[in-house]
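Working notes, beginning with the structure itself.
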Amino acid sequence: MSARNINTLPRLFTSYCIAFIFFTISLRAQNTASIYGKIVNKENEPVEDVQISVLGTSLSPVYSDKDGNYEYTIPAGIELVIVFSNLSYIQLKTTINLKAGERYEFKPVLALNAKITLRDAEVSDNSRATGTTRLDPKIVSYIPSASGDFNTLLFSQPGVSSRSELSSGYSVRGGNYDENLVYVNDIEVYRTFLVRSGQQEGLSFVNSDLVSSILFSAGGFEAKYGDKLSSVLDVQYRRPRKFNGSASGSLLGGNAHLEGASKDFRFTWLMGARYKTNQYLLGNTDIKGDYRPSFVDVQTFLTYDINDKWELDFLGMYSNNRYNVVPQTRQTDFGTVNEALRLMVYFDGQEVDRFQTGQGAVSAIYHPNSKLNLKFISSTYRTSEQETFDIMGQYYIDQLETDFGKPTFGQVKANLGVGTYLNHGRNYFDATVINVQHKGTYTIGKNLLLWGAKAQRELINDQFGEWNYVDSAGYSLPQNSLTEINLQTSVKSKNTLSSDRLMGYGEYIWKKELKDTSAITLTGGLRANYWDLNKQTVVSPRATFAFKPNWKRDFLFRASSGFYYQPPFYRELRDMNGIVHPNVKAQQALHFVLASDYNFKLWGRPFKFVSEAYYKALNDIIPYQIDNVRIRYFANNNAHGYATGMDFKINGEFVKGIESWFSMSIMQTKENINGDFYYDYSNRDGQKIVAGYTNNIVKVDSVRHDIGYIPRPTDQLVNFRLFFQDYLPKLPDFKMNLSLLFGSSLPFGPPTYQRYKDTLRMPPYRRVDIGFSYQLLKENKKLPQHNPFHNLKSVWMGLEVYNLLQINNTISYYWIKDVTNRTYAIPNYLTYRRINLRIIIKF
């Protein structure tokens, strides 16, 4: 079966690497020069993280180090404008024309920019005006997190919600996990398909050790970004200029990365490897057993400047994720103070899962002059996933003693029922996505024209087989014959799908400075998308207006609106019974966003306050249900709805020199499923009438109820997030990092596949993680060359406490019955308190 031919993935990845390296070796070197020096401010203090770039070109910028030093390789023999940029300082430009091989020393002195006070707030005026937020990739390593994943940085952003510390999935402003765009170096990346729980998830695509910049938008984003309903994450990997590396390890895995460049800086290379295991975390969950999760990821980013006008890039990734578990027992206490219950389960069987993914992309970048930049990309994504399990559980439901005065308090008082369940699954999934695309930009004075086109081929091979059997009475009666047994659920399907998509966009950014030096930025664009499977073409106009008044205080106001379509991928086409519906159309969201952005100083330190109000009108949406992190769609555009709310965030140096932030979101999202109803009736003759979606003949004394709007699965009224850093004043190398998340209750319901019943609420998600770290070693170039610590930049040792308050957070429910046919919703709890040790070495 093709799903098991997973050995093709390493060969695909290796072929890309060999082809790229062979091509670069055959290219000839070009004449270059370099500019170098030390950047200081007017107090003669070195300035770190100053971006040095060439105006009007796409040459990769470099950044000054912590001592203000820099060196930048540039083309020789032509006049260039070198730009020194840092948001805390006024931009400085100098014009130079160097000879081949010349090294020119330039020591710029930067003046403080009083208007822009938060140096890491944004990359440029464009990002602030278009509504994308700049995030600092360095902070990822400081956030205490059980997953250790890059996406933990997103979880603390306004509008973003996460319901599991084991998962890298996130929802934005009422959307689900499938509604978020993720780009790495302009390459779209994808989530795995078969994952149903956070325990199975490996690492997200983005490797934080390789990242140079992060842009994130929670809604109202530009037309240059693709076709999803909720958000976009735009990540760029680094183009290094010298040899560096890092290594880290903990009880949950380890990372390592190396980077470097050739002597003439024409060729740069960046490689990273990650290993993660959840075995330590899963060892203290309710389900005891033999857990053997293993998640491995290898990535590389290579660049080569063919000449002054052409550049060639390669981005490659290969991951191999395994999750094997042999469960043994489970004990879960639940209920109320007056009715305390216990579920005890004894297991037989095992689960064996494997998710193998490879992705490779080659980009050719052409910049014939300072105004025009063209990029051509070809990429291939391949995933091979298999999920197999046979697990039998023999369960006991007991009532616990709740009388404090009795010596048996908390012990089993009475047995309420026994039973057995058996879960079986054989799921195999293969997907290949091949695309070619072109992107271009053209500078017209202060304005910018952008365009792009993309053609994509998708090949899907899916074999899905699951059934579930529950015996809650100690016996099972045969159905229809002496050999048939009634299963609670049974789904079996086999689907093959191939399709093509065409996409394109155009966008224009227009800037105008008024007489009083107030500034206006208008961003307008249009996207189009065609899919040959459902024969649908969608057109998405989008616009953003930003106004920066000439006030003493640094305010910016922004309004965004546009149509956002999400054509279905395979997951949206397959219904609860495994049947594929190729005529499912694109979901639609009409965004309205109003925002204010305020940079200010408090206690003489930089701060930023951002507030946004939004409304999303949702049409032709596909209802779905979420179980843990698994999304199952009804494969029908039979609903409309809305999402509305407000987001707030304040970030800055609450403690001098280090950034912290607080964010809060208030949100409501509901949907109305067309033709959704149920009946209340008096059953006088004992005949049962099915409630809900039915065309059965109804008794005269029945009453029909049209359901109307119900909460969507991601309806969460309040989200509060805090990330706080501190250090000892007399010992600044000793630091503390605190992460706090609170999310109000989410809706859930019984596993009936009837959405109108999903109006119960699970407990709020509350979690506090704290980390302590100490810098054992600092960079010291005075050490002799033979000293093993001579080349080390830093060594950090850390201790982290996960789930500090030992709160039982619920991710989902398991439904069982006793002999009286009473149904119990058994909470599936997430991880309890754990202590982790970390070490980080940079060289």
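The values are calculated or read from the model by the stated rules, or taken from the named source; none is laboratory data. Predicted model only: the values in this text are computed from it and were never measured. With ideal geometry, Cβ positions are generated from the backbone for all residues, glycine too; neighbour counts draw on all protein chains shown. Only protein heavy atoms, including side chains, enter the accessible area calculation; ligands, DNA and RNA are left aside. Shrake-Rupley method; radii C 1.70, N 1.55, O 1.52, S 1.80 Å.
Taking the condition in contact (Cβ under 8 Å) with a residue 60 or more places away in the chain and either open to solvent by less than 40 Å² (accessible area, probe 1.4 Å) or charged (D, E, K, R) (or both), does GLY245 pass? If you could, list the steps in order and put the result at the bottom.
Working: in contact (Cβ under 8 Å) with a residue 60 or more places away in the chain: yes; either open to solvent by less than 40 Å² (accessible area, probe 1.4 Å) or charged (D, E, K, R) (or both): yes.
Answer is yes for this residue.
Does segment 205-223 include one or more residues that are part of a strand (DSSP E or B), touching a residue at least 60 places away in the same chain (Cβ under 8 Å), farther than 20 Å from SER156 by Cβ and over 12 Å from the mean Cα position of the chain (by Cα)? Show your work before the answer.
Applying the first criterion (part of a strand (DSSP E or B)) to segment 205-223 yields 211-217.
Filter once more, so that each one left must be touching a residue at least 60 places away in the same chain (Cβ under 8 Å): 211-217.
Then keep just the ones that are farther than 20 Å from SER156 by Cβ; that gives 212.
Retained after the next criterion (residues that are over 12 Å from the mean Cα position of the chain (by Cα)): 212.
Yes: one or more hits.
Tell me, yes or no, whether segment 47-62 has at least one residue that is out of contact with any helix residue (DSSP H, G or I) (no Cβ under 9 Å at 6 or more places or on another chain), more than 22 Å from TRP310 (Cα to Cα) and at pLDDT below 75.
no
Go through segment 395-413 and count every residue that is assigned to a strand (DSSP E or B) and either over 18 Å from MET344 (Cβ atoms) or open to solvent by less than 40 Å² (accessible area, probe 1.4 Å) (or both).
Going through segment 395-413, the residues assigned to a strand (DSSP E or B) turn out to be 395-400, 412-413.
Still in the running and either over 18 Å from MET344 (Cβ atoms) or open to solvent by less than 40 Å² (accessible area, probe 1.4 Å) (or both): 395, 397-398, 400.
Selection size over segment 395-413: 4.
Go through segment 506-545 residue by residue and tally those that are surrounded by fewer than 20 Cβ atoms within 10 Å (Cβ to Cβ), of a type in the set (S, T, N, Q) and more than 18 Å from TYR565 (Cβ to Cβ).
Counting residues in segment 506-545 that are surrounded by fewer than 20 Cβ atoms within 10 Å (Cβ to Cβ), of a type in the set (S, T, N, Q) and more than 18 Å from TYR565 (Cβ to Cβ) gives 2.
Quick one: PRO368 ticks every box in (1) part of a loop (DSSP other than H, G, I, E, B); (2) open to solvent by less than 10 Å² (accessible area, probe 1.4 Å) bar one, so which box is it?
(2)
Among the residues of segment 688-707, are any of a type in the set (Phe, Trp, Tyr), part of a strand (DSSP E or B) and modelled with pLDDT under 95?
Here is the first cut: in segment 688-707, the residues of a type in the set (Phe, Trp, Tyr) are 693.
Next cut, part of a strand (DSSP E or B) only: none.
Checked against the condition, which is being of a type in the set (Phe, Trp, Tyr), part of a strand (DSSP E or B) and modelled with pLDDT under 95, segment 688-707 yields no hits at all.
Name the single residue, out of those in segment 65-78 being modelled with pLDDT of 85 or more and farther than 19 Å from ARG266 by Cα, that is surrounded by the fewest Cβ atoms within 10 Å (Cβ to Cβ).
Ranking the qualifying residues of segment 65-78, first place goes to ASN69.
Does segment 793-803 contain any residue that is out of contact with any strand residue (DSSP E or B) (no Cβ under 7 Å at 6 or more places or on another chain) and either surrounded by fewer than 16 Cβ atoms within 10 Å (Cβ to Cβ) or in a strand (DSSP E or B) (or both)? Talk me through it step by step, then tell me what you get.
Applying the first criterion (out of contact with any strand residue (DSSP E or B) (no Cβ under 7 Å at 6 or more places or on another chain)) to segment 793-803 yields none.
Checked segment 793-803: no residue is out of contact with any strand residue (DSSP E or B) (no Cβ under 7 Å at 6 or more places or on another chain) and either surrounded by fewer than 16 Cβ atoms within 10 Å (Cβ to Cβ) or in a strand (DSSP E or B) (or both).
I'd like the residue in segment 414-440 that is of a type in the set (Val, Ile, Thr) and open to solvent by 40 Å² or more (accessible area, probe 1.4 Å) and, out of all such residues, is farthest from the chain's Cα centre (by Cα).
Just the residues of segment 414-440 that are of a type in the set (Val, Ile, Thr), to begin with: 418, 420, 432-434, 436.
So of that shortlist, the ones also open to solvent by 40 Å² or more (accessible area, probe 1.4 Å) come out as 418, 434, 436.
Numbers: VAL418: 41, ILE434: 22, VAL436: 24 Å.
Among residues in segment 414-440 that are of a type in the set (Val, Ile, Thr) and open to solvent by 40 Å² or more (accessible area, probe 1.4 Å), the one farthest from the chain's Cα centre (by Cα) is VAL418.
Among the numbered criteria (1) surrounded by 20 or more Cβ atoms within 10 Å (Cβ to Cβ); (2) assigned to a strand (DSSP E or B), which one does ALA635 miss?
(2)
For SER147, are the conditions met, namely being closer than 19 Å to PHE720 by Cα, buried (at least 22 other Cβ atoms within 10 Å of the Cβ) and not β-branched (Val, Ile, Thr)?
On the way: closer than 19 Å to PHE720 by Cα: no; buried (at least 22 other Cβ atoms within 10 Å of the Cβ): yes; not β-branched (Val, Ile, Thr): yes.
Considered against the rule, which asks whether it is closer than 19 Å to PHE720 by Cα, buried (at least 22 other Cβ atoms within 10 Å of the Cβ) and not β-branched (Val, Ile, Thr), SER147 comes out as no.
Would you mind telling me which numbered condition in (1) open to solvent by 10 Å² or more (accessible area, probe 1.4 Å); (2) in contact with a strand residue (DSSP E or B) (Cβ under 9 Å, 6 or more places away or on another chain) LEU573 fails?
Just one mismatch for LEU573, condition (1).
So, ARG173, is that one over 20 Å from ASP627 (Cβ atoms) and buried (at least 23 other Cβ atoms within 10 Å of the Cβ) or not?
Working: over 20 Å from ASP627 (Cβ atoms): yes; buried (at least 23 other Cβ atoms within 10 Å of the Cβ): yes.
Answer is yes for this residue.
Would you mind stating whether GLN236 is out of contact with any helix residue (DSSP H, G or I) (no Cβ under 8 Å at 6 or more places or on another chain), modelled with pLDDT of 90 or more and of a type outside the set (Val, Ile, Thr)? If you could, list the steps in order and put the result at the bottom.
On the way: out of contact with any helix residue (DSSP H, G or I) (no Cβ under 8 Å at 6 or more places or on another chain): yes; modelled with pLDDT of 90 or more: yes; of a type outside the set (Val, Ile, Thr): yes.
Taking the combined requirement at face value, the residue satisfies it.
Quick one: which residue in TYR813, TYR753, TYR824, TYR774 is in a strand (DSSP E or B), farther than 25 Å from PHE734 by Cα, open to solvent by 30 Å² or more (accessible area, probe 1.4 Å) and out of contact with any His (no Cβ under 7 Å at 6 or more places or on another chain)? Walk me through it before giving the result.
Details: TYR753 fails: in a strand (DSSP E or B); TYR824 fails: open to solvent by 30 Å² or more (accessible area, probe 1.4 Å); TYR774 fails: farther than 25 Å from PHE734 by Cα.
Of the residues listed, the single one that is in a strand (DSSP E or B), farther than 25 Å from PHE734 by Cα, open to solvent by 30 Å² or more (accessible area, probe 1.4 Å) and out of contact with any His (no Cβ under 7 Å at 6 or more places or on another chain) is TYR813.
When you go through PHE265, PHE301, PHE314 one by one, which is the residue that is part of a loop (DSSP other than H, G, I, E, B), open to solvent by less than 50 Å² (accessible area, probe 1.4 Å) and aromatic (Phe, Trp, Tyr)? Outline the logic, then answer.
Working: PHE301 fails: part of a loop (DSSP other than H, G, I, E, B); PHE314 fails: part of a loop (DSSP other than H, G, I, E, B).
The match here is PHE265.
When only residues in segment 444-471 that are open to solvent by 40 Å² or more (accessible area, probe 1.4 Å) and charged (D, E, K, R) count, which is farthest from TYR570 (Cα to Cα)?
Checked segment 444-471; the qualifying residue farthest from TYR570 (Cα to Cα) is LYS446.
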